[in-house]
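Below is one structure, written out as structure tokens, with a few remarks after it.
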Amino acid sequence: MIEKNRDYAILKVIQIVAIATCNYPKGQPDCNGHSTLFDGVAWLRDEPGVRDMCILEAPETEGIYLAEIDIDMLRDYREHEVMGEKYRHPDKYRIITNEGAGSR
């Protein structure tokens, strides 16, 4: 389970999105609970170092767990971060996709 959450965290950093996982509770085959919510913001401009993006990790037990995501903070981060909207150019990627392969 830990590896799966790490993979989600890496995907979230690359895509700059919030990601929630919903897992079956402990007691189900191959399950141990620990549903998670990552907010997608790896660091803040005014704070040193990387921050913990996991804002919720539920216990092993079944239940309803609530958390809030600061969507304005996520939008601001996407706008200014190197991997964010400002630096993405999907229109230029056509030449390396199947769509653009025949149009060179």
Q | Rounded FRET efficiency, nearest 0.05, which uses the C-beta distance separating residue 95 from residue 61 and R0 of 35 Å | A | 0.10
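By the scheme Lys and Arg +1, Asp and Glu -1, what is the net charge of all other residues having a beta-carbon under 11 Å from that of residue 70?
Working: positive: 75; negative: 39, 68, 72, 76.
Net of charged neighbours comes to -3.
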Q: In nm, give the distance between the simple-model label positions of residue 54 and residue 21, each being 7 Å from the Cα along the Cα-to-Cβ direction.
A: 0.8 nm
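We did not get these values from a lab; they are worked out from the coordinates using the rules stated. These figures come from a predicted structure and were not determined experimentally. All Cβ positions, even for glycine, are placed from backbone atoms using ideal geometry, and neighbour counts span all protein chains on display.
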